[in-house]
Structure formats: structure tokens, C-alpha cells
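Read the figures in this text as sums done on the coordinates, not as results from a lab. No experiment lies behind these values; they were computed from the predicted model shown.
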Amino acid sequence: MDTILVVNAGSSSVKFQVFSVEGASGLGRQMKGQVDGIGHQPRLRVSDARGVSLVDRTYPAETISDVAAGMNIAGEWLREEQAISPIAVGHRVVHGGPDYSGPVLIDHDVVTRLAQFASLAPLHQPHNLAPIRSILNNFPNMPQVACFDTAFHRTHGPLADHYAIPDDLYKLGIRRYGFHGLSYEYIANRLAEAAPEISHGRVIIAHLGNGASMCALRDGLSCESTMGFTALDGLPMGTRSGQIDPGVVLYLLNERGMSGPDVQKFLYNECGLKGLSGISSDMRDLESNPDPRAALAIEYFIYRIGLNAGMLAAALQGLDAFVFTAGIGENSVRIRSKVVERLSWLGAKLDPERNERHAQCISSAASRFPIYIIPTDEEAMIAQHTLATLGNTPEMN
Ligand code: AMP
């Protein structure tokens with residue numbers, strides 16, 4: 001059976017999934033796994049499509065000291081213990097820079113080009129590229145495809161793509177790229193199946209997970225996003241600040257004696273829900289905590305979603321549908337209910353019973369536009385892109 005390996009490599013873990021290519025009928029998820037604790041307590045865990053554990057193994061820290069070594073161990077396990085040798089590997093790569101508006105078959109030139117975008121995403125791009133390089137060196141004939149978080153947003157017009165800065169900086173790459181593009185693309189495709197009548201309209205998708213952003217779609221294409229040059233902008237997230245006056249950054253640097261790396265660590269790791277609540281970055285923890293600081297963090301999150309929805313509705317000049325997705329959007333009845341309340345001025349009305357049972361459409365008949373929950377699946381999107389880039393285009397089962 002032909003398989004596709006999907007790899008999502010981060011700073012201290014590498015996640016992977018195996019999809020079977022099932023002829024004209026599509027792609028089927030076979031396995032889901034990760035190597036985490038890289039550098040201190042590496043652990044390989046894989047489960048099958050039903051969630052049954054296939055392996056849970058720890059390794060001495062020195063045997064897996066970086067992400068590439070983590071992927072090598074996972075690859076070895078797949079080959080030697082599961083007899084899986086994929087026909088191609090699809091990678092999540094956070095930044096395609098200004099150049100890539102779709103997935104690309106990887107060769108050494110592409111890697112060189114993608115490495116140039118590392119300065120645009122220093123926390124992600126080098127880790128994304130590490131397993132790509134390792135596979136290129138060890139298995140030079142293995143087709144590899146890079147799928148970008150930025151690519152889906154390359155349809156932004158010049159107004160959405162620019163900051164008000166001199167053009168030489170724009171040409172250097174300081175642009176509003178937007179992220180979570182693989183998630184938005186997946187949702188846009190699902191929406192076209194679930195509600196073809198509105199998929200050509202004006203749609204806001206709220207990707208509310210540990211990372212959070214919102215995207216405005218017109219005719220199935222991204223035309224505005226709450227994220228910009230980096231995945232720091234827009235909504236407050238688990239540990240990221242979201243939108244913040246650049247004057248705050250200047251103040252931290254100039255008046256508080258923080259260095260550039262200090263500020264970077266602060267804005268990425270110490271802010272957002274975690275910073276505001278002083279309790280947790282995890283929405284479930286906050287929802288179950290009676291501390292007023294937890295309530296403030298939740299209310300702030302909802303308030304900012306409301307503000308950003310207004311901004312995106314203005315970009316779209318109207319609204320024909322609203323979609324919730326990702327961990328919080330797919331699972332939290334309370335957050336969805338409060339967000340819809342915030343959108344009531346736009347004519348949004350919830351059906352509480354449908355919201356409670358996580359129905360696909362959770363708006364009431366009186367709502368001016370439908371409100372959906374559509375679970376996202378970035379890995380399936382990568383598998384589809386990988387296969388399509390090899391020359392086939394089956395659908396996901
Ligand atoms: P993600 O990054 O998409 O995996 O989403 C992670 C976020 O989803 C975390 O903040 C979780 O607390 C949140 N989450 C997952 N399940 C629930 C739930 N049932 N209720 C509230 N938040 C949830």
C-alpha cells in the first residue's frame with residue numbers, strides 16, 4: 001500500500017502522521033505520532049487511526065539531541081517495525097516568504113531559498129527545515145513537498161499586504177503574510193462541500209487554538225488576516241501577546257533594560273492568556289478556575305475576537321457566514337456562545353441546543369448569517385497537497 005508521511009517539526013518535538021493512498025477513493029489516516037522531549041527526555045509515541053497505542057518508548061537524551069535526530073528515530077521505527085516506506089514526505093513549513101503561493105517539490109535550491117526566510121520566522125523555520133535536510137541527505141530520491149502556512153494568504157491585495165513603512169522595507173520582506181493558512185485552506189474546502197451556497201460569499205473563519213487567528217475569505221480565497229509579519233499579531237493566544245502597540249516593545253527595550261531576545265521570549269512565551277491570567281495558557285484550565293483573573297483573560301480573548309471580527313467584516317464589506325475551528329473553537333460551548341453574543345450587533349443568533357451538542361451549524365433560523373463549527377485538519381491538507389504535487393489529486397476520506 002502506498003503511503004504519505006506528513007511531518008510537522010517544532011523546536012523540541014516532531015509530530016508526524018502516515019496516510020495511505022487509497023486509489024481513486026482518497027487518503028486514509030493510518031498513524032499519528034510524535035517524538036517530544038528532544039534534548040532532555042526524548043520519547044516516541046505513535047497510535048493507530050483508532051487511537052490505539054502502537055509504541056511508547058523513551059531514549060537517552062544524547063541519542064536524540066535535535067529535531068532531525070528525532071525524525072530519524074521515527075523514520076527508522078516506521079521502516080523497520082512497521083514496514084512503511086512512504087512514496088513522499090509532506091512537510092509543514094511555516095514561511096514561504098513572498099515567493100510561494102502553493103506547495104513546492106523540494107530540492108537543494110528550494111531549501112537554500114527557504115533558509116533565507118529563516119530570519120522572518122526564526123523560531124520555526126530552522127526546525128521545519130532540519131528534517132527536510134536530513135531526508136535530502138539520507139534519502140536523496142525521496143520526493144519531499146513543502147506546504148506553507150503563509151501560502152493561502154498570497155491572494156491578499158496590496159492594502160492587506162502592506163504596513164505603512166517605506167517601500168524598501170516592503171521589498172526586503174516586511175509584509176503582512178498571515179499564518180494558519182493550511183487550516184484556512186482545509187476549512188474553505190470543507191465549506192465548499194458543506195455549504196456550497198455560501199462558500200463563494202464573505203466568510204470569517206476563527207481558528208481558536210493555542211495559536212489563534214482569524215481570516216476573511218471572499219469567494220473561498222483569503223483576503224485579510226489578523227496575523228501579519230509574524231504569528232505574534234492579532235488575537236491574544238495561549239502565551240503570545242497578540243496585537244500590541246510597538247511602543248510597548250520600545251519601552252521594554254529602552255526603559256526596562258530588556259534585550260531583543262528577552263523581549264522575543266516575553267512576547268512569545270509569557271503573554272496572552274498565560275500572562276493576563278497569571279494562571280495558565282490553557283483555555284480548559286481557565287474555564288474551570290473561579291479566580292477573577294481567569295475570567296478576565298477569557299473575557300479579553302472574547303472581546304478581541306469581537307473587535308477583530310468587526311475589522312474583518314469591514315474588510316469584506318459584509319458577512320455571509322462565520323466559522324469556528326481548532327481546539328477552543330471546536331470544543332468550547334461557552335466561548336462560542338460568548339463570541340456569538342459579541343457578534344449580535346451584526347445579526348448573529350445562536351441556537352443554544354445545537355451549540356451544546358457541537359452541531360455543524362449552530363446558528364438559529366433568526367440569525368442573519370449561518371454560524372458553523374468545522375473541525376480543522378492541517379495534516380490532511382498537507383497529505384493532499386503532497387499527493388497533488390506528485391501528480392495525483394484524490395480527496396480525503
Ligand atoms: P489546539 O492548539 O487547536 O490544539 O487547541 C488547544 C486549545 O484548545 C487549548 O487552550 C485547550 O485548552 C483548548 N481546548 C481543547 N478542548 C477544550 C474544551 N473542551 N473546552 C475548552 N477549551 C478546549
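Centre-to-centre separation between the Cα atoms of region 329-380 and those of region 172-193: 20 Å. From largest to smallest, the equivalent ellipsoid semi-axes obtained for region 175-273 from the alpha-carbon gyration tensor read 33, 12, 9 Å.
With the contact rule set at Cα under 8 Å and sequence spacing of 6 or more, what percent relative contact order holds for region 1-80? Once normalised by length, the contact order is 23 percent.
The convex hull drawn around the Cα atoms of region 54-125, when projected onto a plane and averaged over every direction, covers 6.6 nm². A cut-off of 5 Å between modelled amide H atoms, ignoring neighbours fewer than 5 places along the same chain, links M31 with V18.
Helix by helix through the chain, keep the DSSP H runs that span 30 Å or more along the axis on Cα and average at least -1.0 on Kyte-Doolittle, and give those back in order.
Passing helices, by number: 292-316.
Here the chain is treated as a sphere whose radius is the Kirkwood value from Cα pairs; by Stokes-Einstein at 20 °C and 1.002 mPa s it diffuses with a coefficient of 97 µm²/s. Note on region 21-146: Kirkwood hydrodynamic radius from all Cα pairs is 15.9 Å, rounded to one decimal. Entry note, region 1-141: relative contact order of 22 percent, from Cα contacts under 8 Å with a spacing of 6+ residues. When only Cα pairs below 8 angstrom with a gap of at least 6 residues are kept, the chain shows a relative contact order of 15 percent. Size descriptors for region 265-395: radius of gyration and Dmax over Cα atoms are 17.4, 55 Å. Each 5 Å bin from zero holds the following percent of Cα-Cα pairs in region 76-170: 2, 12, 20, 21, 16, 12, 8, 4, 2, 2, 1, 0.
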